[in-house]
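Throughout, read-outs are computed from the coordinates displayed, never taken from laboratory work. None of the values given here were measured: they were computed from a predicted structure. Ideal geometry is used to build each Cβ from the backbone, glycine not excepted, and the neighbour counts take in all protein chains shown.
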Amino acid sequence: MAADVPRFAAAIDKVYKTAAAQDVLIDAKEAPRGASERDTKRYLEQRFQQRLQRARAALLQEFRNHSVVVEHEVKKIREELTAKLEEKYGDRIVQLKAEGMEATVTITKLREEVARLKGLVDAQETYLASVKHRNELESKEKLRAEIAQLKDDLGTSKQEATELSHQLMSRDELVVQLNNELEGMEAQLKSQAAVHGEESMRHDEMARGLKLEMEQQQAEFAAHLAAYRARFEEYAAKTKAQLQIQDILSARRQEALQLMEDERQRHTRARTKPTPRIGEGGGLEAGVEAACQDYELVDARYRVDDMGMDTS
């Protein structure tokens, strides 16, 4: 991934040089006032070069950031996979390598033994050829038995060498299979890294959308709270005014009731004139006053409604 940075930079430089070499078209609207055509062209070329340089720097920085992040993720995943594979198959691979080395040593020894036996057989055959003329009848059967024994030993050694070669091939196939699995896991990790990058971008977009939605909700809540406070203040002002009106009405009602009570007392005193039976004490003779009893008048109010009006 890091090797793509120079190629990408070279491509951008090529585009930059191609665009920088193009002629700048002069527009009378963008030209400075009171400047010549040459100054205007130089001004536009400088602006064009500055924009190209800023675009190139931004593209390079973005590509480097992306390359570093992806390479770091791939390296991290590869290290984790290598550690897991070494933990899972490390002992087995070491054991297979050790067994392969032992098998190689054994095969080498067997080959040396076979070569030694072949040399021995050749020596025996030479010896038999030299002795055949002297003692052909006496040692013929003995030599045949020895040759048969040597052939049996040689066949046994070849069979063992074949078995060891087969085991070594099986272990080599197992190592190749493990290497193929490792390559497959590396490819899978690369694809997972790409998917992880896409998911990270989607999550970032989702987070920005949720943040924007939350800000909108907060703004709506603030507006709703301000409206509620305004309504509450208006309600409190109206309630306070109503309470003041109720206090004024209660005071007026109390004054009216007191005036009506005073008027009732005056009316009562006006219609209770002094008589032999009715009047204030001390207005009769001693004998008559002793025989009379004073009336007990109980205070009573008019039947009034909630507004203080007479309902009697």
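Tabulate in residue order the Karplus-calculated ³J(HN,Hα) for region 100-110, using 6.51 cos²θ - 1.76 cosθ + 1.60 with θ = phi - 60°, rounded to whole Hz; enter x for Gly and Pro.
Running phi through 6.51 cos²θ - 1.76 cosθ + 1.60 with θ = phi - 60° gives x, 5, 4, 5, 4, 5, 5, 4, 4, 5, 5 Hz.
With each label point set 7 Å from Cα along the Cα-Cβ vector, what nm distance links Gln254 and Lys158?
Placing both labels 7 Å along Cα→Cβ, they lie 13.6 nm apart.
At 0.36 nm per residue, and after removing the present C-alpha to C-alpha distance, how many nm does the segment from Glu113 to Thr239 gain when stretched out fully?
Going from the current span to full extension adds 33.5 nm.
Local charge sum around Phe221 (other residues, Cβ-Cβ under 15 Å, Lys/Arg +1, Asp/Glu -1)? Kindly include the intermediate steps, with their values, before the conclusion.
Numbers: positive: Arg229; negative: Glu213, Glu215, Glu220.
Around Phe221, the surrounding residues sum to -2.
Step through the residues of region 78-85 one at a time and calculate ³J(HN,Hα) from phi using the Karplus curve (6.51 cos²θ - 1.76 cosθ + 1.60, θ = phi - 60°), rounding each to whole Hz and writing x for Gly and Pro.
Running phi through 6.51 cos²θ - 1.76 cosθ + 1.60 with θ = phi - 60° gives 5, 5, 4, 5, 4, 5, 5, 5 Hz.
Once phi is turned into ³J(HN,Hα) by the Karplus curve 6.51 cos²θ - 1.76 cosθ + 1.60 with θ = phi - 60°, what whole-Hz value does each residue of region 149-159 show in order, with x for glycine and proline?
Coupling constants for region 149-159: 4, 5, 5, 4, 4, 5, x, 4, 5, 5, 5 Hz.
Evaluate E = 1/(1 + (r/R0)^6) for Glu263 and Arg231, where r is the Cβ-Cβ distance and R0 equals 51 Å; express this FRET efficiency to the nearest 0.05. Working shown, then result.
Values: r = 47 Å, r/R0 = 0.92.
The computed FRET efficiency comes out at 0.60.
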